[in-house]
Amino acid sequence: MANSKMAGRFRVLLALGAALVASMAQADVVYTYTGNALNRGDSSMIGRHVSVTLDFLHALAPNTKINIPHLADHVSAGLLSYGISGGGQQYTDGSAYNHMDDFLSVSTDGSGNISNWEVAIFPLEGSILTQRDEDLVLEEGGLNLAYNYSKPGTWTLLDTTVPEPGTLALALGAVFALSATRRRSSTR
């Protein structure tokens with residue numbers, strides 16, 4: 001009889017464990033680029049840097065290249081949102097501009113890390129460009145230019161895989177059920 005009780009408990013634990021794993025939610029994956037300080041050009045922009053945030057639906061696969069020739073179409077490529085800033089400018093997918101020359105291209109290495117990229121945004125008042133070997137910011141109608149050549153910044157990855165609230169409730173319920181079962185069997 002003890003073996004059948006143990007087998008029953010094992011099946012319950014196995015089912016709860018499977019439910020826990022199955023209900024893990026894959027949230028979006030955020031890649032963030034921070035460029036090195038702009039070191040040439042307009043003195044008012046020296047020391048500032050370019051930064052890019054790319055929020056993808058899933059992690060980028062190893063040895064892959066994604067091209068988005070027009071950033072207004074970013075969602076169709078799995079890019080949920082983006083933010084690009086440099087100098088005194090900041091642009092996001094919610095910004096009011098819409099320029100046909102904005103683009104994004106990223107490539108990954110064998111580990112899925114961004115290894116080559118080109119991101120450009122060209123609103124009417126200026127532009128921001130970052131790519132593998134340079135960061136360039138042009139603002140105020142092309143009057144102020146600052147750049148950093150040959151010193152690429154760094155990309156970081158934030159994988160936000162989290163369990164859904166239902167998963168946590170299921171796990172707590174399992175702990176409660178097991179403690180109640182154990183308490184009941186110890187009083188007999």
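What the Kirkwood sum gives for the range 25-164 is a hydrodynamic radius of 15.4 Å, with every pair of different alpha carbons counted.
Hey, what do the phi angles of the range 38-43 turn into as Karplus ³J(HN,Hα) couplings, whole Hz, using 6.51/-1.76/1.60 and θ = phi - 60°, x for Gly and Pro? Per-residue couplings from phi come out as 5, 10, 9, x, 4, 5 Hz.
We did not get these values from a lab; they are worked out from the coordinates using the rules stated. Model, not experiment: these values are computed from the prediction.
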